[in-house]
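Every number here is computed from the coordinates shown, using simple stated rules; none is lab data. If you're wondering where the values come from, they're calculated on a predicted model, not measured in any experiment. FYI the Cβ positions are ideal-geometry reconstructions off the backbone, even for glycines, and counts take in every protein chain you see.
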There are 2 protein chains.
Amino acid sequence: MSQDIQSKLMVGILDIDLCGPSIPRMLNVLNSAVHQCDAGWVPVYVDKDKTMCIMSIGFLLETPDDAVIWRGPKKTALIKQFISDVAWGELDYLIVDTPPGTSDEHISVVECLRQHKPDGALLVTTPQAVSIGDVRRELTFCKKTGLPVVGIIENMSGFVCPNCSECTNIFSSGGGEALAEQSRVPFLGCVPLDPQLSHSLEEGRNFIQAFPKSATFDAINNIVEKILSNNNESSTLHT
Amino acid sequence: MSQDIQSKLMVGILDIDLCGPSIPRMLNVLNSAVHQCDAGWVPVYVDKDKTMCIMSIGFLLETPDDAVIWRGPKKTALIKQFISDVAWGELDYLIVDTPPGTSDEHISVVECLRQHKPDGALLVTTPQAVSIGDVRRELTFCKKTGLPVVGIIENMSGFVCPNCSECTNIFSSGGGEALAEQSRVPFLGCVPLDPQLSHSLEEGRNFIQAFPKSATFDAINNIVEKILSNNNESSTLHT
């Protein structure tokens, strides 16, 4: 997302959703392969200037339909490798994308990154109570594991009809902000349900380049600015 | 869902999303407790006639914010208990709700239920490619573990604006049906993005009773009818 907003930064994305790796498709590098060098696995670069690189199990599967039918210990071992055996180079930010939950992937990544003093967790919720409940439990996880919380983002926050411009809160609204207030963590902003955004992610197109004047661009930009202004040092975000 | 559609059936719902148990909220039994009897844990009944009962880790947590910070082996042990130590009684259907993925929870429940010869997996996707990719991997999981596939359902399939009735395919469309065709498994139908449905689930209200004339009711009813006509015997569905 922050690909163009902060093109001077070096950003790594680590996708530890081992059963559902979606980052390669969203960034249009679905068919890339990971190679070995002396320093370890070379991550996949998204742009010519090599400002953004990705590591995902998606690059290691023979076909995209392969299921990763692994119990926890195998997942933990690969996550350790992804952090210690990848030639990430000098990064300003390492963004870790996790699956939902508070289990093996989350425990493993928090343990592996502890020595690097991560900035903390970026929690993404949708507005409805069921999702808010999941994020409440993730807040408890952060507290118990000593991981700071960067803030909460509300996704799928209202849908504006492209025909009549009426905004419908399909999944109710305001849950993310209320949770942030209650939990005394920063609320970073809302991202609306936007067909242009979901189609861009679908096709691996760069939404930021394609729709720089959209309200959704502004919403995302504001969130990125808030995060960057809170974190001026080299750091790790865990979403 | 099928609570009223098939009120003569005895249905059990086993929620094995241990880190994000959402079933108790959706069925308005969030504050219920599970008790012990000689035959094991007594599941929580949703209705007076005791035709639908639930077991979820949500009933075992001290507060709803408690995080289940468990690695795989602990999750596996609880899932085994949920199947063997719960006084389910005589059921026509046991519906198992799993988290996304193909890991500990899925491997454990397939192993535990093998002796009961489950009807198979009911795979739910949203229309976009990222979600279709996840369900493809789940199909591979079913093939490798010998679990039959009952069919595919497409959720969040188009949004009808309540103001102007224009239908927008927020997440593209048709992905679920195309995947079912490609994979040669039955396509069971689409459920639209419906604010009335999501608000009902949010508040634990019975959508089927509240909106029996809605298009979404018809969509859900058609799916249930298809499943029941394919499965006339006592059986287990794994969603």
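Quick rundown of the values:
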item	result
B:Y45, A:Y93 arranged by Cβ crowding within 10 Å, fewest neighbours leading	B:Y45, A:Y93
Degrees, to the nearest 10: B:215-230 long Cα axis against longest axis of chain B	60 degrees
Label spacing, shortest first and in nm, from A:K50 to its equivalents in the remaining copies (7 angstrom along Cα→Cβ)	6.9
For chain B, size of Cβ-based charge dipole, Lys and Arg +1, Asp and Glu -1, in debye	540 debye
Peptide A:156-168, shielding by other chains (average Cβ, 10 Å cutoff)	4
Trypsin sites (Lys or Arg not before Pro) within segment A:147-217, DSSP loop, no more than 10 other Cβ atoms inside 10 Å	A:R184, A:K213
Copies compared at B:D38 - label distances in nm, ascending, label defined 7 Å from Cα in the Cβ direction	7.5
Neighbourhood charge, 11 Å Cβ-Cβ cut-off, centred on B:G58 and excluding it, Lys, Arg +1 and Asp, Glu -1	-1
Cysteines, chain A, no other Cys beta-carbon under 4.7 Å	A:C19, A:C37, A:C53, A:C112, A:C142, A:C167, A:C190
Spin-label model distance (nm) - B:K143 vs A:C37, 7 Å beyond Cα toward Cβ	3.6 nm
222 nm mean residue ellipticity, helices alone, for chain B (DSSP H n ≥ 4; -39,500 (n - 2.57); rounded to 500)	-10000 deg cm²/dmol
Radius 15 Å from Cβ of B:R71, net charge of other residues (Lys, Arg +1; Asp, Glu -1)	+2
Charge-dipole axis of the protein assembly as shown as Lys and Arg at +1 and Asp and Glu at -1 on Cβ define it, positive-most pick from B:S198, A:N31, B:G72	B:G72
Among A:V68, A:V11, A:V135: highest mean-square fluctuation, GNM of chain A, C-alpha pairs under 10 Å	A:V68
Segment A:112-135-segment B:82-99 distance, computed between alpha-carbon centres (Å)	31 Å
Cross-link partners of B:K80 among aspartates and glutamates (Cα-Cα below 14 Å; sequence separation of 8 or more within a chain)	B:D15, B:D17, B:D104, B:E105, B:E111
Between helix B:72-84 and chain B: long-axis angle, C-alpha atoms, 0 to 90°, nearest 10	80 degrees
Gain on full stretching of the segment that runs from A:K50 to A:Q81 - 0.36 nm per residue minus C-alpha separation	9.0 nm
Number of partner chain Cβ atoms within 10 Å, mean per residue of B:122-130	3
Point-charge dipole on Cβ atoms (K/R +1, D/E -1) for segment B:58-134, about Cα centre, debye to 20	320 debye
Neighbour-count ranking [beta-carbon atoms within 10 angstrom, fewest first] of B:K8, A:K50, A:K74	B:K8, A:K50, A:K74
Nearest 10 degrees, 0 to 90: helix A:104-113 Cα axis against chain A principal axis	70 degrees
Selection from B:F207, B:P148, B:T125 lying farthest towards where the dipole of segment B:121-231 points positive, charges on Cβ	B:P148
